[in-house]
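A short write-up of the structure that comes next.
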Amino acid sequence: MEQYSLYTYLSIWLMILCTFLHDLQQSNCQQTYLDNVQLDCYKSVSISKGYLCNGPQKLCQSFITFRSQPPFNTPVSIAYLLGSDASSITLINKFSSSDEKIHADKLVIVPVSCSCSGSLYQHNAPYTIKANDTYFLVANNTYQGLTTCQALLGQNYYDEKNLGSGLEVIVPLRCACPTAKQIDNGVSYLLAYMATWGDTISSIGHKFGADKQSILDANKLSEDDLIFTFTPLLIPLKSESCSANPEKFFCQCKNGFLVDEMLKGLHCKPDGKKFPVKLVTLLGLGIGLGFLSLVLLGCYLYKVIGAKRSRMLKEKLFKQNGGYLLQQRLSSCGSSEKAKIFTAEELQRATDNYNQSRFLGQGGFGTVYKGMLPDGSIVAVKRSKAIDKTQIEQFINEVVILSQINHRHIVKLLGCCLETEVPVLVYEYICNGNLSHHIHDHQQQQEQKQELEEEQELSSLSWENRVRVACEVAGAVAYMHSSASIPIFHRDIKSSNILLDDKFSAKVSDFGTSRSVPNDKTHLTTAVQGTFGYFDPEYFQSSQYTDKSDVYSFGVVLLELLTGKKPICLTREEEERNLVAYFISLAKENKLLEILDARVAKEASEEDIEAVAELAMGCLRLNSKKRPTMKQVSMDLEGLRRSQRCLEIGKVNQLLTNEISLAQNSVFSVPEDSESFCSSI
């Protein structure tokens, strides 16, 4: 019995020791060569789905290769297919622009962000299934072996029998991060190279500046092993090899190395700061003359170095704030009206150095100040709160979007400043605040007034102004959807993003989350963004944003105009907290008067209220296909507004008719053109 127990304990300790040694070895081992196993979609082994996460880095900069072929023969189209960045592809492949046509079968280096997904390294790229596509064709034809059908089957819920045209799938691209042993040997990146006819380990190593043995070790190969075409090989890339091969794609940085620090994207990181080390000693005729010479030289160098540092700082901030990317995006869009680039000094003078007396308001992405330019024009200066990659992208996106739009009911972008610590946008000044302030703040004041039993009526937007604001906003959004050169989804329509001028004319603002949509696409698949209460429920579930999602948000704004209430308010009764649900329930019970804003109930006719309420509920339908387009909404509101004008003209005509009957000798007569105008509607 004692012998059996001793044997058992020794077996357990031996298993623990083996597991520890296996894990220790796994953290330093290389990846297994794929061979030809990817050609059999139903032969599933671990290597067929991706490389193991066996390195200390769970997220790293990596590279893959792709051979250009129509329609993927420009940096932009290749970046779209592989989920990369067109500007980075242009940079490392030394193309002239992101739209340059690339010769067929040319090898293109593509930078990707490689991360661990479970136990495998991969880079995910979205893909829309085409007619007759199979996982095998997608993996080996479209993506040229950068993924496998086994990986596609493991990543997506659809089997090949259910692959329909237009279906969105995730394509896990094969990539890897260096192991601890490779990092100790000076390896900075791993490149997934697709072997082709005539390739040998030596020729591949010569092409990328890697030695033969390191490639064999990285793929667990021996010199006698066969290399199959259209199978990936991991190529270890060493930054120290740039001194011998400065023309290599990862050697773009003359005084440093290529890194991806996530916040700044793909950029050059310097080895270290270099300051002048040579000291010049001047031998003067005397101590006095020498001292004077040193002082004069010191003053001169101080000015020169100060000017140089100032230029370098401005260039650094320009790049940090996305200046080069902005220039590229504006040139690729072909925008005719270029936004002015303001200097930091100009905006400091305009806002009195961002004095608090010039403060206008604060939003989720920055603070707005009132400013005056040298020509006397009043502007609104939007200054971001902090710097991160997301906000920089939203800043660039807003500039690009507004540069493509020219509409009287969309706020006009005058320019931007890229030389400051945070990006700054300059807009036309809209003096009357936002719609949310006019309808919600006044509503709260009226409720407080009722509690105090005061008889004096507080002012708010008249019914006529509410209809006009709704009509103008609908026209602006309809223009973005169907009349702009490239369709644009706003993605954050709400009352606080609708500004009002001194005549209560509406201006749609805040295009930080807006996106341009190619003409051949009907939706965007993105992470859910927006404002709670204005979300399209269908978008919230599917992450697919369409033009009808903007329609839903506009429907919520119509409810705010009718009721004066916020979309979500936790201080209200439980059944009243969600304005959309509460409004629809009251509408079904014919009790809309219980929720209407006091001024709307007083000034609007029952027919107008029913028309706007019916239009709002049409916009708020859960099934987006049953919602009207923004163009239809705009036409309906315009028709309602015209009918109001006709009613006013009819009242004036009636008064004039009464005056004529009372004064028979009067020279006034009823205008006939107004009656014909109304009869034509």
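Listed here are the residues, each with its yes/no results for (1) touching a residue at least 12 places away in the same chain (Cβ under 8 Å); (2) surrounded by fewer than 17 Cβ atoms within 10 Å (Cβ to Cβ).
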residue: ALA613; (1), (2): yes, no
residue: ALA616; (1), (2): yes, no
residue: ASN623; (1), (2): yes, yes
residue: LYS626; (1), (2): no, yes
residue: THR629; (1), (2): yes, yes
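Restricting ALA151, ALA125, ALA131 to those that are aliphatic (A, V, I, L, M) and within 24 Å of ILE92 (Cα to Cα) reduces the list to ALA125. Identify the residue in the stretch 85-143 that is under 25 Å from the mean Cα position of the chain (by Cα) and among the charged types (D, E, K, R) and, among all such residues, is surrounded by the most Cβ atoms within 10 Å (Cβ to Cβ). The residue in question is ASP85. Scanning the stretch 333-359 for residues that are modelled with pLDDT of 90 or more, of a type in the set (D, E, K, R) and either under 12 Å from THR420 (Cα atoms) or in a helix (DSSP H, G or I) (or both) gives GLU346, ARG349, ARG358.
Of all the residues in the stretch 113-144, those that are in contact with a helix residue (DSSP H, G or I) (Cβ under 7 Å, 6 or more places away or on another chain) and either within 16 Å of CYS177 (Cα to Cα) or in a loop (DSSP other than H, G, I, E, B) (or both) number 2. Within the stretch 95-139, being at pLDDT below 90 and either among the basic types (Lys, Arg) or within 17 Å of ALA192 (Cβ to Cβ) (or both) holds for one residue alone: SER117. Close contacts from the stretch 390-417, counting a first residue that is more than 25 Å from GLU346 (Cα to Cα) and a second that is in a helix (DSSP H, G or I) and charged (D, E, K, R), with Cβ to Cβ under 6 Å and a gap of 6+ residues or different chains, come to HIS409/GLU472.
Restricting attention to the stretch 57-79 and to residues that are free of Cβ contacts under 8 Å to residues at least 12 places away in the same chain and touching a helix residue (DSSP H, G or I) at 6+ places or on another chain (Cβ under 8 Å), the residue that is surrounded by the most Cβ atoms within 10 Å (Cβ to Cβ) turns out to be PHE72.
Each residue in the stretch 561-595 was checked for being surrounded by fewer than 16 Cβ atoms within 10 Å (Cβ to Cβ) and of a type in the set (Gly, Ala, Ser), and 2 of them qualify.
In the stretch 459-480, the residues that are in contact (Cβ under 8 Å) with a residue 12 or more places away in the chain reach residues that are of a type in the set (Gly, Ala, Ser) and part of a loop (DSSP other than H, G, I, E, B) with C-beta atoms within less than 6 angstrom, at least six apart or across chains, in these pairs: TRP463/ALA604.
Scanning the stretch 163-200 for residues that are among the basic types (Lys, Arg) and under 26 Å from SER68 (Cα atoms) returns a single hit, ARG174.
Residue-wise test of (1) within 18 Å of SER113 (Cβ to Cβ); (2) part of a loop (DSSP other than H, G, I, E, B); (3) at pLDDT 85 or above.
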position	(1), (2), (3)
LEU153	no, no, yes
PRO178	yes, yes, yes
ALA192	yes, no, yes
GLN213	no, no, yes
ASP217	no, no, yes
LYS220	no, yes, yes
LEU237	yes, no, yes
CYS242	no, no, no
PHE257	yes, no, no
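In the stretch 542-561, the residues that are outside the structural domain of MET635 (by TED's automatic domain parsing) and of a type in the set (A, V, I, L, M, F, W, C) form no Cβ pair under 7 Å with any partner that is surrounded by 24 or more Cβ atoms within 10 Å (Cβ to Cβ) and in a loop (DSSP other than H, G, I, E, B), whether six or more places apart or across chains. When the criteria are applied in full, VAL667 fails the requirement of being surrounded by 13 or more Cβ atoms within 10 Å (Cβ to Cβ), of a type outside the set (D, E, K, R) and either modelled with pLDDT of 60 or more or not assigned by TED's automatic domain parsing to the domain that holds LEU558 (or both).
The values are calculated or read from the model by the stated rules, or taken from the named source; none is laboratory data. A quick note: this is a predicted structure, and the numbers were derived from the prediction, not measured. Positions of Cβ are generated from backbone atoms using ideal geometry, with glycine treated the same way; all protein chains shown enter the neighbour counts.
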